[in-house]
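The values are calculated or read from the model by the stated rules, or taken from the named source; none is laboratory data. Remember, it's a predicted structure, so these values are computed and weren't measured experimentally. In this analysis, Cβ positions are derived from the backbone assuming ideal geometry, glycine residues included, and neighbour counts consider all displayed protein chains. Each accessible area value is taken on the protein alone, full model and side chains, heavy atoms only, with ligands, DNA and RNA left out. Shrake-Rupley method; radii C 1.70, N 1.55, O 1.52, S 1.80 Å.
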Amino acid sequence: MLGFLMVLFGAGVSAQEENFAPPVLGRWDIVMHTPDREVPSWLEIIKSGSRRLVGRFVGGGGSARPVSKINWAEGKMSFSIPPQWENEDRDLTVEGSLQGDSLVGTLIQPNGKQYAWVGRRAPALARSGEPVWGKPIVLFDGRGLAGWHPLGNDNQWVAVSGVLRNVKGGSNLVTDAVYNDFKLHIEFRCPKDGNSGVYLRGRYELQIEGLEGGQEPPNDVVGAIYGFLGPVEQAGKASGEWQTYDVTLVGRLVTIVFNGKTVMCRGEIPGITGGALDSREGEPGPIYLQGDHGPIEFRNIVITPGK
């Protein structure tokens with residue numbers, strides 16, 4: 001039947017097309033160099049059929065964006081994607097080429113600003129054997145910010161009666177310690193129309209929101225790894241109620257129990273999400289609580305690191 005359809009639609013594949021395997025295929029952890037700082041980014045390049053490339057791209061913010069066509073010719077890669085949260089109407093454009101083990105190029109934002117970037121192949125983060133867990137560690141003592149530090153000079157985080165509260169939009173909050181594999185218990189309370197997140201290893205955002213009846217994509221809602229993996233069911237409570245995440249992260253595989261329901265089981269996180277602290281996926285990273293969007297509360301934060 002497949003052969004009949006190929007003949008019917010003129011879909012014959014040449015030997016050259018069958019062997020189409022550009023060396024840029026795969027996932028790339030990217031550092032974009034801006035005048036102010038290094039911005040983490042991520043790119044995935046995959047084959048679509050026998051002679052086309054497509055992919056996904058994550059910039060310094062927002063969610064993963066689909067790339068419908070990636071050009072590859074004479075050792076050079078390029079693509080363009082429409083704006084996401086940018087105000088301008090022009091596309092974002094990216095081009096690059098292989099230089100040794102690195103993918104190196106330039107990015108032009110919709111506002112016309114151009115930045116150089118360097119990408120290195122993302123690690124597989126495969127683990128052998130079952131994880132062995134250490135002793136649970138209480139990350140928030142209910143009395144202060146010991147063990148945490150704000151990013152930036154606009155700290156709005158306070159400890160009040162056992163609750164870690166972000167009063168209004170300001171700095172994000174990060175643990176002093178870093179972790180590799182772990183189990184995390186964390187409880188949160190988000191107001192209506194609120195927006196926050198828990199970044200695992202400081203790179204993968206587990207979404208928190210107080211939106212009710214919204215039209216977000218399934219992989220952007222509460223219980224999702226933002227922009228990548230959606231929950232299999234919606235287990236969220238009404239805005240303003242305390243809710244619970246129990247997260248297990250081993251390598252790239254994440255399991256999420258949300259308010260007692262398993263909404264994600266060993267889902268593979270492909271790469272960093274927008275807002276990540278860095279793109280060094282092979283290294284341990286902190287727990288980071290998003291506070292730049294507005295008010296949010298947390299309590300009972302306990303991590304059990306892997307040995």
> Got a number for residues in segment 62-83 being assigned to a loop (DSSP other than H, G, I, E, B) and surrounded by 15 or more Cβ atoms within 10 Å (Cβ to Cβ)?
Replying inline: 4
> Residues Thr273, Thr255: which one is in a loop (DSSP other than H, G, I, E, B), surrounded by 16 or more Cβ atoms within 10 Å (Cβ to Cβ), at pLDDT 95 or above and hydroxyl-bearing (Ser, Thr, Tyr)?
Replying inline: Thr273
> So, of the residues in segment 236-252 that are outside any strand (DSSP E or B) and in contact with a Cys (Cβ under 8 Å, 6 or more places away or on another chain), which turns out to be surrounded by the most Cβ atoms within 10 Å (Cβ to Cβ)?
Replying inline: Ser239
> Among the numbered criteria (1) in contact (Cβ under 8 Å) with a residue 24 or more places away in the chain; (2) part of a strand (DSSP E or B); (3) open to solvent by 40 Å² or more (accessible area, probe 1.4 Å); (4) β-branched (Val, Ile, Thr), which single criterion is violated by Val232?
Replying inline: (2)
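Has segment 220-227 got any residue that is in a strand (DSSP E or B) and surrounded by fewer than 22 Cβ atoms within 10 Å (Cβ to Cβ)?
Checking segment 220-227: not a single residue is in a strand (DSSP E or B) and surrounded by fewer than 22 Cβ atoms within 10 Å (Cβ to Cβ).
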> Which residues, counting only those in segment 156-173, are within 20 Å of the chain's Cα centre (by Cα) and either of a type outside the set (A, V, I, L, M) or surrounded by fewer than 20 Cβ atoms within 10 Å (Cβ to Cβ) (or both)?
Replying inline: Ser171, Asn172
> Only one residue in Glu268, Glu187, Glu233 is touching a Ser or Thr at 6+ places or on another chain (Cβ under 8 Å) and not polar (S, T, N, Q). Which one?
Replying inline: Glu187
> How about segment 114-144: which of its residues are out of contact with any strand residue (DSSP E or B) (no Cβ under 6 Å at 6 or more places or on another chain), more than 19 Å from Ile272 (Cα to Cα), open to solvent by 50 Å² or more (accessible area, probe 1.4 Å) and touching a residue at least 24 places away in the same chain (Cβ under 8 Å)?
Replying inline: Val132, Lys135
> What about Asp193, is it surrounded by fewer than 21 Cβ atoms within 10 Å (Cβ to Cβ) and under 22 Å from Ile303 (Cβ atoms)?
Replying inline: no
>> So if I check each of Arg37, Arg51, Arg56, which one is of a type in the set (D, E, K, R), in contact with a strand residue (DSSP E or B) (Cβ under 8 Å, 6 or more places away or on another chain) and open to solvent by 60 Å² or more (accessible area, probe 1.4 Å)?
In response: Arg56
>> Looking only at strands (runs of 3 or more DSSP E) that lie completely in segment 107-217, which have at least 3 residues being under 27 Å from Thr248 (Cβ atoms)?
In response: 148-151, 163-166, 172-175, 182-189, 195-200, 204-209
>> Please verify whether Ala116 is more than 23 Å from the chain's Cα centre (by Cα), over 27 Å from Gly267 (Cβ atoms), aliphatic (A, V, I, L, M) and at pLDDT 95 or above, treating the condition exactly as stated.
In response: no
